[in-house]
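Please read the structure below before turning to the comments.
Readers should treat all values here as calculations from the given coordinates under stated rules, not as data from a laboratory. Quick caveat: nothing in here was measured; it's all calculated off a predicted structure. So basically every Cβ, Gly included, is an ideal-geometry build from the backbone, and we count neighbours across all protein chains shown.
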């Protein structure tokens, strides 16, 4: 495993590579390919943090925990709440901030704050020819031509190897509450979540767990902000959802944080053997898609826009939802189908052309994304 400790060393490693490179950060996301291993975990450290400007810049191999700790010390946070895949995949590595960007990892707060790419304002990377490229900066601004900042988020190392990232961050909330509705069916829960998200009460988390910790369904709606505002909004939300059944409000910040970490990291699927798929869907269609899949277990996040489904080993979820608006990514397990949803012909051509532009030798995580 090659482990360059600087951007210059990374560029040299790529320039002199004689064959395919299997790029990874901390090795926790489970998207490995054949080739000489190359990890960015040797490039670590926060090079700039300006709390007053809500901006942080870090090397790609910096542990996510280090970034979050630095922000927390100043009462700030990453807006997009990145999940930790280690429990799902049985990994023991250290998640890195570059890996988060490469996979565009976003948690429950995505419905309010956007995805990882929406907070990313700058990136440095090395392309497949060993050339260092910089795009964006330390402030939000309009761009012309390729918006490489957005392009690199979710490219899984196929266009270039990220060496540095810059984010716009946000103040952490001083208060949090969770409105809980017990016993709803999937269809009723999605309707309740839609009503909550359509309310003026600034929901920052909307999930439904068909089998909660006590074995019964629970629908979870999170509110964050100043304590007085959170309390008021939770009570008002309880009123507009009163027709859905038995409602309670959890106000203990530690319990709220614990519950949403459980959703964020898809904890119901830890230490299990079934294949796990991540299905993106129109929320109102999600219950019907789940019925078609008939999974072993499932979990709704993002108001139903994201559905985790556990199925028997080798089952092809993508075939089960064919001819629908949903698409699926296999997160855990093996099978004859690709991990990623095949792209429509025109988009696939654009993707191939981009890879040819940035990696003409085809050595960066070849075959990972088609």
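Would you work out the relative contact order for the range 267-332, in percent, from Cα pairs under 8 angstrom that are 6 or more residues apart?
Taking the mean separation of contacting Cα pairs over the length of the range 267-332, I get 45 percent.
Assuming a ≥ b ≥ c are the square roots of the Cα gyration tensor eigenvalues, decide whether the range 175-264 counts as rounded (a/c under 1.5), prolate (otherwise, with a/b larger than b/c) or oblate.
Oblate shape, in that a/c is at least 1.5 and b/c is the bigger or equal ratio.
Taking R0 as 56 Å, what's the FRET efficiency between residue 187 and residue 15 from their Cβ-Cβ distance, rounded to 0.05?
Calculated transfer efficiency: 0.50.
Based only on other Cβ atoms within 10 Å, what is the fewest-to-most ordering of 239, 282, 168?
The most exposed by this proxy come first: 239, 282, 168.
Could you check the simple spin-label distance between residue 249 and residue 319, using points 7 Å along Cα→Cβ, in nm with one decimal?
5.0 nm
Along Cα→Cβ, 7 Å out, is where each label goes; now give me the distance between the ones at residue 5 and residue 216 in nm to one decimal.
It works out to 5.8 nm between the two label points.
With the cut-off at 1.5 for a/c, could you classify the range 277-370 from its C-alpha gyration tensor as rounded, prolate or oblate?
Because a/c hits 1.5 or more and a/b exceeds b/c, the range 277-370 counts as prolate.
Note down the nm distance, to one decimal, between modelled labels 7 Å out along Cα→Cβ at residue 296 and at residue 267.
It works out to 2.0 nm between the two label points.
How would 322, 7 line up from fewest to most surrounding beta-carbon atoms within 10 angstrom?
322, 7
Over the chain, with a Gaussian network built from C-alpha contacts below 10 Å, which listed residue (34, 194, 59) shows the highest mean-square fluctuation?
34
Considering the chain as a Gaussian network with a 10 Å cut-off on Cα pairs, which listed residue, 254, 115, 267, attains the greatest mean-square fluctuation?
Judging by the Gaussian network model, the answer is 254.
Can you tell me which of 157, 19, 87 moves the most in a GNM of the chain? Springs connect C-alpha atoms under 10 Å apart.
Maximum among the listed residues: 19.
Fewest first, what order do 14, 321 take by the number of other Cβ atoms within 10 Å?
321, 14
Decide, for the range 31-157, between rounded, prolate and oblate: order the square roots of the alpha carbon gyration tensor eigenvalues as a ≥ b ≥ c, take rounded if a/c falls under 1.5, and otherwise choose prolate if a/b is larger than b/c, else oblate.
rounded
Relative contact order for the chain: what percent, with Cα pairs under 8 Å and sequence separation of 6 or more?
Computed over the chain, the figure is 18 percent.
Based on the Cβ-Cβ distance from residue 151 to residue 242, what FRET efficiency comes out when R0 is 30 Å, to the nearest 0.05?
E between residue 151 and residue 242, to the nearest 0.05, is 0.05.
Normalising by the residue count of the range 175-264, find the relative contact order in percent from Cα pairs under 8 Å and 6+ residues apart.
For the range 175-264, the relative contact order is 43 percent.
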